[in-house]
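Only one structure is covered here, and it is reproduced in the block below.
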Ligand code: NI
């Protein structure tokens, strides 16, 4: 499942983020790529350990981690530290797969889902589509600023060359409590059903209680905390 989520729809926040991006320091993206991705990665990565990088990470983390649609679709157990990348001057990220495991020691995690949060307006750059090849389908996505695209880490994906302007995105990975993508999708469908039924049924109605019970019991059956 590839899902587009409107993560930031507030112009003021987008404006503040856009100013914060100008304070970042950039370095060659190949330094943070896995061995196979390194040969196809042509972009820059923001330094996230200086004051500007830390401030931006602190600002973006709750926007992403507390998003209710993302939480329902991904059932996150753990997030990777956020990264911010910039692609310009014909830079691109050729077809690759993300590392299955990231981090070390206590921080080690499995990557189930990858996400890209677009931070620049699509009108300000040429190219730069995120292309995801999943389940025999290919989707090319160029999101609005503030739009987050969630896709399976298991997919082959790429970023097309940016021939004009600069594409800046925040990227990260999620380890899910629900390892199986099909089970995760069923839980997401049921969660969406629950949200729509809440509009017409009272909280204590037998239908909603049964649905609450089924969602909770499926989580018990499938969840790996
Ligand atoms: Ni990737």
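None of the figures in this text is laboratory data; all of them are computed from the coordinates on show. Note that the structure is predicted; figures quoted are calculated from it, not measured. Note that we place each Cβ from the backbone using ideal geometry, even for glycine, and neighbour counts take in every protein chain shown.
Counting every alpha-carbon pair across region 85-156, the share separated by more than 20 Å comes to 38%. Report, in degrees rounded to the nearest 10, the 0 to 90 angle that the Cα long axis of helix 51-65 makes with the longest principal axis of the chain. Approximately 30 degrees, to the nearest 10. Counting neighbouring beta carbons within 10 Å and listing from fewest to most, the residues 71, 213, 104 come out as 104, 213, 71. Here region 88-111 and region 112-150 have alpha carbon centers that stand 16 Å from each other.
With respect to the chain, whose longest principal axis is taken over its alpha-carbon atoms, helix 181-200 is tilted by about 60°. For the chain, the orientation-averaged shadow of the C-alpha convex hull comes to 13.6 nm² (one quarter of the hull surface). Against the main long axis of the alpha-carbon atoms of the chain, helix 11-22 sits at an angle near 40°. By other beta-carbon atoms within 10 Å, ranking 96, 133 with the fewest at the front produces 133, 96. Plugging the Kirkwood radius over Cα pairs into Stokes-Einstein for region 38-128, at a temperature of 25 °C and a viscosity of 0.890 mPa s, what D comes out in µm²/s? The estimated diffusion coefficient comes to 161 µm²/s. Ranked from largest, the principal axis spans of the Cα set of region 110-225 equal 57, 31, 25 Å.
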